[in-house]
Amino acid sequence: MKPFDSLLNANKTWAADMVNNDPEYFNRLSHLQSPEYLWIGCSDSRVPANQITGTMPGEIFVHRNVANLVVNTDVNVLSVLDYAVNHLKVKHVIVCGHYGCGGIKAAITKIDFKPVLNMWLRNIKDVYRLHRSQLDLIFDEEAKTNRLVELNVMEQVFNLAKTSIIQRAWKNEQRPDLHGWVYGLKDGIIKPVYDMKAGTNLDDLYEYDDL
Ligand SMILES: [Zn+2]
C-alpha cells in the first residue's frame, strides 16, 4: 500500500505525462464525455474497469458495488443506469464479476455480518436458491464459488432487463445490448458468460406493455 501522500504525487506525475503525450487531452475531455459503455463491476480493488479493458478516461461510465449487484430498490445503481441509458445513450451495459469474489464467498457462509452487509449479501443468497439444484452438486468450495459468480452475473443481467429503463430503450432505440462477464484474478482474462441482445423477450411477468 502506498503512503497516503504518494497518491497525490503520483497524480501530478500522471497528469503531466498525459499532457506531454497529448497537450489537448484534458481540454477535450473536460468538455464532453460520450462513453459507449456502462460498466457495473465489483468494488474489489483488483478489478479496475479501465485498466483491464485497455480503455482511457471518458470511454466507460462506471458503477461498482460489492459483488456487482443490480438491486431493484437501489437508487444508486438505478440512477447510474438511467443516466447512462437515457442521457449518455450507451450502446452496451456490462456486468462484470470476478472469480474468487469475496462478496460471493461470504454469501455462501452462515456468518452473521451484521445488518447492512447481511442485507446486501441476501441478494446473493437468493441467486444461490434459484440455482440450488446445480450448485448443491458442486462440493469443491472454490468451484462452487466460481459457478455462483457466473450465475450471479447472469441474474444481474436479467435484473437489468427487468427494469423499465432498459425495456423503454429497447423498444424505442433498439439498444443497449447487455453483457455478463467474469474476470479472472489469476490470469487477467475476461470470460463472457451471458449475453442479452436489445429486444430479447423476458419472462412475460416482467414485461411492461405501456412503455
Ligand atoms: Zn468481488
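Pairs of Cα atoms nearer than 8 Å and 6+ residues apart set the relative contact order; for the range 1-93 it is 29 percent.
Counting each pair of different Cα atoms once, what's the Kirkwood radius of the range 82-211 in Å, rounded to one decimal?
Numbers: mean 1/r = 0.0625 Å⁻¹.
One over the average 1/r among Cα pairs gives 16.0 Å for the range 82-211.
Sorting the segments 67-79, 134-146 by their residues' average number of neighbouring beta-carbon atoms within 10 angstrom, most packed first, yields 67-79, 134-146.
What percent does the relative contact order of the chain come to when contacts are Cα pairs within less than 8 Å and at least six residues apart? Walk me through the numbers before you get to the answer.
Values: 289 pairs, mean separation 41.6, N = 211.
Normalised by residue count, the contact order of the chain is 20 percent.
The aspartates and glutamates within cross-link reach of LYS91, meaning a Cα-to-Cα straight distance under 16 Å and a gap of 8 or more places when in the same chain, are GLU36, GLU59, ASP82, GLU173, ASP177, ASP195.
Do the alpha carbons of any pairs in LYS144/LYS191; LYS114/LYS197; LYS12/LYS105; LYS89/LYS162; LYS105/LYS162; LYS125/LYS162 sit beyond 28 Å of each other, and which pairs? Spell out each step's value before the answer.
On the way: LYS144/LYS191 17 Å; LYS114/LYS197 38 Å; LYS12/LYS105 38 Å; LYS89/LYS162 18 Å; LYS105/LYS162 26 Å; LYS125/LYS162 19 Å.
Those over the limit are LYS114/LYS197; LYS12/LYS105.
If you take the beta carbon distance between LYS110 and ARG168 as r and set R0 to 41 Å, what does 1/(1 + (r/R0)^6) give as a FRET efficiency, to the nearest 0.05?
So the FRET efficiency works out to roughly 0.50.
Among beta bridges from DSSP that stay inside the chain, the antiparallel ones total about 25%. Between the amide H of ARG64 and those of GLY41, distances stay under 5 Å, these residues lying 5 or more places away or on another chain, with hydrogens modeled in the peptide plane.
Dipole check for the range 38-124: with +1 at the C-beta of Lys and Arg, -1 at the C-beta of Asp and Glu, and the Cα centre as origin, the magnitude is about 180 Debye.
If you place +1 on the Cβ of every Lys and Arg, -1 on the Cβ of every Asp and Glu, and leave all else neutral, what size is the dipole of the chain about its Cα centre, to the nearest 20 Debye?
Values: 23 positive and 26 negative charges, 85 e Å.
Computed about the Cα centre, the dipole is about 420 debye.
Using the alpha-carbon positions of the range 116-179, Rg (one decimal) and Dmax (whole number) come out as 14.8, 46 Å. Sequence-ordered 3J(HN,Hα) estimates for the range 191-205 from the Karplus curve with 6.51, -1.76 and 1.60 and θ = phi - 60° stand at 10, x, 10, 7, 10, 9, 5, 4, x, 4, 6, 9, 3, 3, 4 Hz, glycine and proline given as x.
Sorting the segments 114-126, 166-178 by their residues' average number of neighbouring beta-carbon atoms within 10 angstrom, most packed first, yields 166-178, 114-126. 3J(HN,Hα) couplings calculated from phi for the range 46-53 with the Karplus curve 6.51 cos²θ - 1.76 cosθ + 1.60 (θ = phi - 60°) are, in sequence order, 8, 10, x, 4, 5, 5, 6, 10 Hz; Gly and Pro show x.
Taken together, the values in this text are just the output of simple stated rules run on the coordinates, not laboratory data. Note that the structure is a prediction, hence the values are computed from the model and not measured. In this analysis, Cβ positions are derived from the backbone assuming ideal geometry, glycine residues included, and neighbour counts consider all displayed protein chains.
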